[in-house]
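A quick write-up on the structure given underneath.
The values are calculated or read from the model by the stated rules, or taken from the named source; none is laboratory data. Note that the coordinates shown come from a computational prediction; the quantities given were computed from them, not determined experimentally. Glycine also receives a Cβ, built like all others from the backbone with ideal geometry; neighbour counts cover every protein chain displayed.
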Amino acid sequence: MLLVLLVACGGPLEPAAFTEADLAAEMIGYADWSHPDDWPGVQPSCEGSHGSYVQIWQNDVVDADRAAGGALSNGALFVAASYQDTAGTPKMFVSMRKVEGAPNTWFWGHYDEDAAPIDAGDLPACSACHVQGVDRVRHTGVVPPTHLAECRERDTGSFPG
Ligand code: HEC
């Protein structure tokens, strides 16, 4: 009771800042997660910023949010791998984790073709393009590119995983 009172008198506690290490910990095992319904497996990227082909995974928070049909909640995490060609030559890895209260509400992760970290946190270059998507999620797309169907007819080759 005393502890409760002390905490109560101390004012609202600041939530611990989400860090790059937290993101790395949460990304462990991502390759076993589910794929978004509207981006199943490796898909040709019509937009192409991440690479010619992209694969996306979502964590169980996203699974639950999507099943409920509501907005993405704190802890929602997407990981994407992108490839240069149909042989599956890796180009980069990226991730985005919803952190309510953070600038633009997402904590971004950027990794090279070997999955070595490049940068993480509030990355305006990521956010500036992702702002075009609903809640900054791009694979769902409010207005799909008109060439989407044609683009998706491209051969996806045989990819690893
Ligand atoms: C110029 C636009 C652009 C920039 C810049 C960009 N992205 Fe993306 N991103 C996309 C598009 C478009 C998709 C959907 C897949 C596709 O079409 O390639 C996507 C997909 C993703 C996904 C999968 C979830 C989703 O939103 O669909 C993650 C995670 C992601 N990007 C992270 C990042 C990170 C981290 C950065 C910065 C290092 C970044 N992106 C920069 C356009 C961009």
query: Of the residues that make up the range 136-154, is at least one modelled with pLDDT of 95 or more, surrounded by 13 or more Cβ atoms within 10 Å (Cβ to Cβ), within 13 Å of the ligand (Cβ to nearest atom) and of a type in the set (Ser, Thr, Tyr)?
result: no
task: Please work out if ALA120 is closer than 13 Å to VAL42 by Cα, within 10 Å of the ligand (Cβ to nearest atom) and either modelled with pLDDT of 85 or more or in contact with a helix residue (DSSP H, G or I) (Cβ under 8 Å, 6 or more places away or on another chain) (or both).
output: no
query: Could you say whether any residue in the range 73-84 is under 15 Å from the mean Cα position of the chain (by Cα), loosely packed, with under 15 Cβ neighbours inside 10 Å and of a type in the set (S, T, N, Q)?
result: yes
message: Any residue at all in the range 54-70 that's more than 14 Å from the ligand (Cβ to nearest atom), loosely packed, with under 14 Cβ neighbours inside 10 Å and closer than 25 Å to ALA125 by Cα?
response: no
query: So which of ASP119, ASP112 is under 24 Å from ALA17 (Cβ atoms) and free of Cβ contacts under 8 Å to residues at least 24 places away in the same chain?
result: ASP119
Only listed residue being within 9 Å of the ligand (Cβ to nearest atom) and at pLDDT below 90, chosen from PRO44, PRO36, PRO40: PRO44
task: Please specify each residue of the range 101-134 satisfying the condition of being surrounded by 17 or more Cβ atoms within 10 Å (Cβ to Cβ), hydrophobic (A, V, I, L, M, F, W, C) and assigned to a strand (DSSP E or B).
output: TRP106, PHE107, TRP108, ALA120
- line: Scanning the range 44-73 for residues that are in a loop (DSSP other than H, G, I, E, B) and within 15 Å of VAL137 (Cβ to Cβ) gives SER45, GLU47, SER49, HIS50, ASN59, GLY69, GLY70, ALA71, LEU72, SER73
